[in-house]
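Worksheet for the structure shown next.
The values are calculated or read from the model by the stated rules, or taken from the named source; none is laboratory data. The structure presented is a predicted model; accordingly, all values stated were derived computationally and were not measured. Using ideal geometry, Cβ is built from the backbone for each residue, glycine included, and neighbour counts are taken over all protein chains shown. When the accessible area is computed, the model is the full protein with side chains, heavy atoms only, and any ligands, DNA or RNA have been set aside. Shrake-Rupley method; radii C 1.70, N 1.55, O 1.52, S 1.80 Å.
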Amino acid sequence: MTTSFKMPLLKKTQILALRNAAVAVPAENVTTGTALLRAYLSTCSWCKRLQQFHNWNRYYKHDVLCRQGQFVYASTRPQIYMACSDNKKNSNCTEESPANSRMRDDVKKSTVKPGDFAKRGASSSSSSSSSSFVTDQQKKEELRKTTCILDAWEQTESTKKKFKKKKRELDVELLVTESGMFGPQEVVSKFIAHFSNRKTVKNIEKQTKTKKNFPKVIKDPPAFIDTKKIFHQVGESLDFHQVENELEVAYQEEKEEEKDLLEIKTLDLKSDLRKLLEYGIGGEQITAELLAYVDACLYIGDLDTAFLTLKRALLKWSNSKIDFRKNRLKVHVSVYNLLLHAYASDKTHLRRIYSLLEMMEEAGYSEVEPDAESYAALLECLGRDAEGRRDEIQMCLTTMESKGINPDCMFTKCTLKEESKNYMLKAIRTVSDEYVPPTPTDESDYSAVLLEDLSRKYGEKQSYVNPYAGEVTPEQLMNHLEEQIKREEEGIVEVDSVLQLTPGQLEGHKKAKPKLKEIEKQFREVLLKAIGERRDELNRGFKRQSVYSLNIAVFLSLLSDQQYVELLMKEIRSFLTIIEDKHYTLSWFELQLGEMVHRQYTKEVKKKRNILEDTKTLYADYVKVYTSKTMAQPNHRKTWLALQDKHGIDRNNNYDIVCYWPREIIKQIGQQLRSIIFEELKVDTKKGFVPAFRTFYKKFGFVTEQHIKADENLTRLFRQGYKMHFDTFKLPMLVPPLPWTSTKSGGMIHDQVNLVRSNDSRPVDKRIQARPSSEMLPSLDTLTALGACSWKINEPILDLALKIFREKGDMTLDIPYLPSSYPPLPKIDKTMSKRDRREAFQKREKMVKEQSENYSLWCTELYRLSIANMFRNDVFWLPHNMDFRSRVYTVAPFLQHMGSDLTRGLLMFGTGKHLGPRGLDWLKIHLINTTGFKKRSSLKERLIYANELLPEILDSADNPLEGKKWWRSSDEPWQTLACSMEIAKAIRSPNHEEFISHFPVHQDGTCNGLQHYAALGRDQAGAKSVNLAPSPVPCDVYSDVTELVEKEREADAAKGNEIAKVLEGFVSRKVIKQTVMTTVYGVTPYGAKLQILRQLTELEGFPHKHDKEAAKYLAEKTFKAIRNMFKSARRIQDWFIQTSVAVSKVCLKPMEWTTPLGFPVIQPYYKTTKYNIKDGSKKSVKLIKPNAVKQKNAFPPNFVHSLDATHMMLTSLYCLEAGITFVSVHDCFWTHPCDVEIMNKICREQFIALHNQPILSQLSEELCEKYGFSEREASKNPSIAHLNGILRRVPKKGNFALEKVKKSEYFFS
């Protein structure tokens, strides 16, 4: 009986025996030989390191590198094996046997003649007739011909087709003639003889200690090993069918990759990604690089370099032997337009403009055909000498007309400066003096169907309530504006640490100051000289090149040398003064340096264009409107645009300030600056001058990363002499952020904030720019409204947190322990027993991990509390941006309302409002919500419970550390304590209705992801479980699922299931809550098992030896219960998964869709596969295609996230119209206590309005338009037909009535 073969169980000597057995297997038993050799290769560390040999035939080629000996005959010529691969497609042979390899080598090297080879085979087989071997003259001639063919095929590519057919025929013949060369008995006898009278095991093991010696050990196996027994044991233990099936899967995967390459070529016309260009640089990538490079060249005034680089890029393949006429490098028209507009500013550059237009015409592709902006640049240049260029202007207009380009669109669609438009108009009027340019249409109104009612309401009003008018005056804001601009210009802000320094530390601080000044002076001098030398070196290297490349020296010329020095010194100071350095990998440090250059360059461009001065002028009027209780415009974006028109400032002046810099460019800049720091900066030590910075390798799991580390003395000196340093954008703002007036303008005053936060936002940016601007307005107005909300610090909470943090810390309150309080690590003594040492080592390892995690949390808390302490007396603002799904986040990472329980407890609204009649009740209900004590109780019962607890609440507010400490038992203790203090102030005020409260009250959705699924599928049972339907008390989906799981467990226990019996009394809401919550977000069974396992390990009294079995059992039962409760939702999720799999596999595209408010979403999950170009050029291409697994797993949760983001945006915009404050943490909405009921009404109305849209039908139509094929194509290809069917297969809905949500008290509560 055969069993599965587990190679790692074999010893080294057995592996060697297995190798020899595999090579000696007779040709007629190809399956056995293949399985044995593959099993051996699976144990070979050399083979594992060379995973590029996907094809098993190539493993034979590689095997000669790993072994030597009597039975080694594998060929080293890869071409032979490529021929064998071709032959396999036309023969029944599954593999090339070792005997055939031996025959090829012997014939090629002329070590034996074909006849001798046949005689040797005849003499070695006692059971076969000599007539079955290669003995006649005709076969000998065929073998000689084979050698010639192989030689010719190897020498020149041109003979490949000529000999291909003949070579295949001869390969088949050779594979047939070698059969029967060895008999099974002869194999065993030779195998045993080979292992006789050899060296000992000790010598072999000595040689196998190093990998490079491993190939040499095969000659001398030990004498006493029973090799015959091993040979038979190995053969019996192999499950050949299983091995062959596994290898067939691997082979099919390789074929799929090759098939993908062909599919890309056939589907290229439908794809938006350019995947097959030299060195893996796609069309989008090369366009982004050229845009950044040309923009930089234009800034420094080097137009010739920009033109030359573009020309070289287009001629990149000119010397290649490949015919790339169909795959020529395609550069987007935006690169040409950028250069054309630069030349258009001077009439003497007209010839260059014509040259660029000719280059575009010669390309012959739609992507590079001159568009309206191209001809606008030509007309602008002609307009500068209009009288003398009349014929050329007429020709230009005629050409435009023939291509369907109307002059009107140049004035309405193109983003041009007023000066450019004036010269264009002058040129056109030279030919047609009656021409009047159209008035630009106002695209500042919404176009989304969901906002038609909002637009109607705005049209009916003459003035609008400003909910953010507060306690700050315009004068105060203008004073803070100067400080904010100063911070943004410097880029780095000093923050005092909240740690209390000892007298010794204060003394060290004083002594360190003069030393630091001297060291910084030396560093600046060295860096100033090194930057100039590095730029000159790069320029010299670039001049020697005659092919396409980007000269990084251009990016090192954008700023002055002194500015680069200051940027480097700021980053060095930030690195040396930061307490936690776990994020400083080498690649991350390089990106930081490159991004600093980009941010500073953006600021310089703003100064050059007078954008900063214009902003100051507008801001002086804007703060007057911001602090006013009413506004003439419906929102802050329209207010800013109206002020631009009032002051005559061009709206386009702030559009596309600088081109996007791709990550590759940023990293190359960072690499140059990093190398300057590492090579030039030295510090004086006792050992002499040593580098100030060095690298080291650190392993995290299976990943090894290169980190940077500074000299310890230098680090100690900087930390003694300086405060903590933070990038400006990581801190809150002292003034309201700029309104988002376009996708490129908004957020901080002088610094640049990206609309979409992503490592590579190019795909999203491209789709955003392609959409009408009106479709992006809801997203922009939401970001503006959220950022306009002011904040302040809750000082009593901050003081209490600082006291606990400074003393020791308290993990029950999520304040990490001080590093000085860590217990010492256990010592490992040589006198300890082996078992004790092992236990001590495990305990030590566990403690090191826990202390490292605690230290990381402690550092984060130090940063957060230090920043909060810095802003304790200020009102501040938090600018927002979004991710690729349109989910909104704050730009500042440390102090923000999306943080921990303590962070939320620290924050209050900067603007206060009277509590009113119901405000105090909502404060009390919010207090009970934060405790988690009454989740299944009605709001009325929660209010009664709060009144009963009033003595404990007041005691907590008055004596948080010395009293009864009731607040510490809460689920969210800091928010509970903050709310207790607010209630105490309100109760003790003369009239609580007149009490001005700054406290935010939260309304949280009930498992919001499942709410959206239930609404999409109109799932009756699911809607009830997540409170979409009215109910006297709130339903708890987690408790409902727990009850179903417990019923299943009881039934299984009754049937005798041991795990079900063990789990009795341990199936709780807490154990399965996370799994239920993340099911909607695509958690896998394995992930669910880990989630439940984590909860079980923390249970007291549970027999932990059953942890894994119990976790697996509960995960299965939880999935089953959710499927039964949310049937429609599950069908929708299955459809999402099937759709994403089909799109990724057939179309090789990422999943894309548009939210109901018009935001384009594209999933940024890709993988890169390298392919060699088989043309003799030794070049390769990288196929960039979607990562099908990530696309599949991420589509369901990302689509739901885009829906909850849409719901939040709708609620935000309607709350702004209602004149109430609104902020959110995704599906948790915040407002003042007096406005909770208004927000709740709007929240429910907008949820109904959202899901009354045919979301799934619209998604199906959009996906069909993007990814679908015609019926004719589908009839020819089953895969395409299957894709079309899935895209049109919209899941059926249930019968739940969405209008019931209006009456659901606990939908958001």
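Points worth noting:
- Counted residues, the stretch 1218-1239 - those being crowded, with 20+ Cβ neighbours inside 10 Å and either of a type in the set (Phe, Trp, Tyr) or farther than 17 Å from residue 912 by Cα (or both): 5
- Residue within the stretch 1115-1132 that is more than 32 Å from the chain's Cα centre (by Cα), within 15 Å of residue 1066 (Cα to Cα), buried (at least 20 other Cβ atoms within 10 Å of the Cβ) and not hydrophobic (A, V, I, L, M, F, W, C) present: yes
- Residues that are in a helix (DSSP H, G or I) and touching a residue at least 24 places away in the same chain (Cβ under 8 Å), drawn from the stretch 951-965: 953, 954, 956, 957, 958
- When the stretch 1057-1115 is limited to residues that are among the aromatic types (Phe, Trp, Tyr) and part of a helix (DSSP H, G or I), the one that is nearest to residue 1129 (Cα to Cα) turns out to be 1086.
- Each residue in the stretch 1133-1164 was checked for being without any contact (Cβ under 8 Å) to a residue 60 or more places away in the chain and buried (at least 22 other Cβ atoms within 10 Å of the Cβ), and 3 of them qualify.
- Those residues of the stretch 381-401 which are part of a helix (DSSP H, G or I), open to solvent by 10 Å² or more (accessible area, probe 1.4 Å) and in contact with a helix residue (DSSP H, G or I) (Cβ under 8 Å, 6 or more places away or on another chain), in sequence order: 387, 389, 390, 392, 394, 397, 399
- Residue check for residue 533: charged (D, E, K, R) and more than 30 Å from residue 499 (Cβ to Cβ): yes
- Qualifying residue in the stretch 697-705 (condition: over 30 Å from residue 871 (Cα atoms) and of a type in the set (Ser, Thr, Tyr)): yes
- Here is the figure for the stretch 800-816: residues that are assigned to a helix (DSSP H, G or I), open to solvent by 20 Å² or more (accessible area, probe 1.4 Å) and touching an Asp or Glu at 6+ places or on another chain (Cβ under 9 Å) total 0.
- Residues of the stretch 1099-1125 that turn out to be of a type outside the set (Val, Ile, Thr), within 20 Å of residue 1087 (Cα to Cα) and in contact (Cβ under 8 Å) with a residue 40 or more places away in the chain, as a count: 10
- Condition check for residue 924: modelled with pLDDT of 90 or more, open to solvent by 10 Å² or more (accessible area, probe 1.4 Å) and of a type in the set (Lys, Arg): yes
- When 968, 1018 are screened for being in contact (Cβ under 8 Å) with a residue 60 or more places away in the chain and within 15 Å of residue 931 (Cβ to Cβ), only 968 passes.
- All of 797, 708, 768 fail the test of being in contact with a Phe, Trp or Tyr (Cβ under 7 Å, 6 or more places away or on another chain), in a helix (DSSP H, G or I) and open to solvent by less than 10 Å² (accessible area, probe 1.4 Å), apart from 797.
- Residue match in the stretch 1053-1062 (condition: open to solvent by less than 10 Å² (accessible area, probe 1.4 Å) and modelled with pLDDT of 85 or more): yes
- Any hit, the stretch 622-630, residues being under 28 Å from residue 421 (Cβ atoms), assigned to a helix (DSSP H, G or I), at pLDDT 90 or above and open to solvent by less than 40 Å² (accessible area, probe 1.4 Å): yes
This table checks each residue for (1) within 30 Å of residue 1207 (Cβ to Cβ); (2) touching a strand residue (DSSP E or B) at 6+ places or on another chain (Cβ under 6 Å); (3) in a helix (DSSP H, G or I); (4) among the aromatic types (Phe, Trp, Tyr).
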{"site": "851", "(1), (2), (3), (4)": "no, no, yes, no"}
{"site": "854", "(1), (2), (3), (4)": "no, no, yes, no"}
{"site": "874", "(1), (2), (3), (4)": "no, no, no, no"}
{"site": "898", "(1), (2), (3), (4)": "yes, yes, no, no"}
{"site": "902", "(1), (2), (3), (4)": "yes, no, yes, no"}
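- Among (1) closer than 30 Å to residue 983 by Cα; (2) among the acidic types (Asp, Glu); (3) open to solvent by less than 20 Å² (accessible area, probe 1.4 Å) - the single one residue 781 does not satisfy: (1)
- Taking the stretch 402-512 and the helices (runs of 4 or more DSSP H) fully enclosed by it, the elements with 3 or more residues that are at negative phi, surrounded by fewer than 16 Cβ atoms within 10 Å (Cβ to Cβ) and at pLDDT 85 or above are at 452-460, 474-490.
- If you go through the stretch 833-865 and keep only what is open to solvent by less than 50 Å² (accessible area, probe 1.4 Å) and either more than 30 Å from the chain's Cα centre (by Cα) or among the basic types (Lys, Arg) (or both), you end up with 840, 847, 864.
- Per-region count, the stretch 1285-1304, residues touching a Ser or Thr at 6+ places or on another chain (Cβ under 9 Å), open to solvent by less than 40 Å² (accessible area, probe 1.4 Å) and assigned to a helix (DSSP H, G or I): 2
- Test result for residue 787, at positive phi and crowded, with 20+ Cβ neighbours inside 10 Å: no
- On inspection, residue 674 passes the criterion of being farther than 26 Å from residue 461 by Cα, open to solvent by 30 Å² or more (accessible area, probe 1.4 Å), within 30 Å of the chain's Cα centre (by Cα) and at pLDDT 90 or above.
- Residue satisfying all of: in the stretch 1095-1114; charged (D, E, K, R) and at pLDDT 85 or above; least open to solvent (accessible area, probe 1.4 Å) among these: 1109
- Scan of the stretch 935-972 for residues that are closer than 16 Å to residue 1309 by Cβ, open to solvent by less than 40 Å² (accessible area, probe 1.4 Å) and not small (Gly, Ala, Ser), ordered by number: 939, 942, 943
- For the stretch 1249-1281, a residue qualifies if it is surrounded by 15 or more Cβ atoms within 10 Å (Cβ to Cβ), touching a residue at least 60 places away in the same chain (Cβ under 8 Å) and more than 20 Å from residue 1196 (Cα to Cα), and the qualifying residues are 1249, 1280.
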